[in-house]
Amino acid sequence: MRVQITGRHVDVPAGIHKRAEEVAARLKRYDPRLSAVDFVFAEDGREMTVEGLLHIDRAEPLVANGRGERFRAALDDVADKLARQLRRAREKAVERKGPKLSEALTEE
């Protein structure tokens, strides 16, 4: 899985860089088709922002924005939002499946 970390007019500290890679590895648990993760760090006045973009094979990319007083808080915020989106997409896929063959045969 490719993890790209970019700072928009700001330097991303090494500790935050490592934390972003850990977050990407944690998000991979939700969907094994996850092929790439992009994090864009920016500073908006006194507030730090992080944009997360998840590339999933055979699916639309997921995007979330996080804000916080520090980069770590903003990264945690975006990680929570992306995890929620991944869980919701996974639940939708499971709900669309029909009943198991054994269940369908017992109902008749």
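The values are calculated or read from the model by the stated rules, or taken from the named source; none is laboratory data. The model shown is predicted, which means the values in this text are computed figures rather than measured ones. Quick reminder, even Gly has a Cβ in these numbers, built from the backbone with ideal geometry, and neighbours come from all protein chains shown.
See the values below:
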item	result
Residue list for region 47-72, restricted to those being closer than 23 Å to residue 14 by Cβ and of a type outside the set (A, V, I, L, M, F, W, C)	47, 49, 51, 52, 66, 67, 68, 69, 70, 72
Residue under evaluation residue 58, criteria (1) of a type outside the set (Asp, Glu); (2) free of Cβ contacts under 8 Å to residues at least 12 places away in the same chain; (3) on the phi > 0 side of the Ramachandran plot, criterion not met	(2)
Single match in 90, 84 (criterion: of a type in the set (Lys, Arg), at negative phi, in contact with an Asp or Glu (Cβ under 8 Å, 6 or more places away or on another chain) and not in a loop (DSSP other than H, G, I, E, B))	90
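Rundown of residues vs (1) in contact with a Leu (Cβ under 9 Å, 6 or more places away or on another chain); (2) assigned to a strand (DSSP E or B); (3) surrounded by 19 or more Cβ atoms within 10 Å (Cβ to Cβ); (4) at pLDDT below 95, yes/no style:
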{"residue": "26", "(1), (2), (3), (4)": "no, no, no, yes"}
{"residue": "41", "(1), (2), (3), (4)": "yes, yes, yes, no"}
{"residue": "51", "(1), (2), (3), (4)": "no, yes, no, no"}
{"residue": "63", "(1), (2), (3), (4)": "yes, yes, no, no"}
{"residue": "76", "(1), (2), (3), (4)": "no, no, no, no"}
